[in-house]
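For reference, the structure is listed below as structure tokens.
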Amino acid sequence: MIDHELSLLEQIRANPHDKQLRRVYGDMLLERGDDRGEYTQIALQETWGDAKDRYYELSCREAEWAAELGLGGIYCQWYCGLPATIVTDADAFVKTRRCARSTTDL
């Protein structure tokens, strides 16, 4: 991740209900061809209209995306295109904590 992306994610973490920050992050993902950008943009829409089927298609990839973020084997609830709630057991937490220790505070 680049510094700008990490900074943006920190801003989202500090302001989880700020949809504009999430839109900016979704745009950043779209610009590099990441489907999570489209998923985020659709999730932020007031009405889905024709995008409903595409949203459900993309939502099937949540587990895959969670694994890419180091959250494999852990239940992630998504909010507006990003992981919001993580539910785990002690063993999975310890394993994930070891993997994530060098990159983030849990």
> Residues with beta-carbon under 10 Å from that of L30, excluding L30: net charge, scoring Lys, Arg +1 and Asp, Glu -1?
Replying inline: -3
>> I'd like the projected area of segment 1-68, averaged over all directions, using the convex hull of its alpha carbons. Report it in nm² with one decimal.
In response: 4.8
> T47: net charge of surrounding residues, Cβ under 15 Å, Lys/Arg +1, Asp/Glu -1, itself excluded?
Replying inline: 0
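Every number in this text was worked out from the coordinates using simple rules, so none of it is lab data. Everything numeric in this text was worked out from a predicted model, so none of it was measured. Ideal geometry is used to build each Cβ from the backbone, glycine not excepted, and the neighbour counts take in all protein chains shown.
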